[in-house]
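**Q** Dropping the structure in here first, questions after.
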Amino acid sequence: FDPRHYLGTHCHGFPKTGPHRLRFLLESVKDLRETLKKKGSTLVVRKGKPEDVVCDLITQLGSVSTVVFHEEVRETL
């Protein structure tokens, strides 16, 4: 969870993730974790800036050969 998603946006000052969206997100992550556990896997959830958290995870795991990500599309007005 990137803390920057819970601050005001640069355009209008409204939260990027309001209370209803946050509740949906938390329920979705919980459901995904439960589904993965039933299949013998798990879900790693962290709070922080992704560029820091991913680096820390790679260091902790020590044997990472590939990292895949996508960049968020930003609207331009």
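The values are calculated or read from the model by the stated rules, or taken from the named source; none is laboratory data. Given the structure is predicted, the values throughout are model-derived calculations rather than measurements. With ligands, DNA and RNA removed, areas are computed over all heavy atoms of the protein, side chains included. Shrake-Rupley method; radii C 1.70, N 1.55, O 1.52, S 1.80 Å.
**Q** Inside segment 41-77, can you point out the residues that are open to solvent by less than 70 Å² (accessible area, probe 1.4 Å), at pLDDT 90 or above and either in a loop (DSSP other than H, G, I, E, B) or basic (K, R) (or both)?
**A** S41, L43, V45, G48
**Q** Which condition does H20 not pass, out of (1) part of a loop (DSSP other than H, G, I, E, B); (2) open to solvent by 90 Å² or more (accessible area, probe 1.4 Å); (3) at pLDDT 80 or above, if it passes all the others?
**A** Exception for H20: condition (1).
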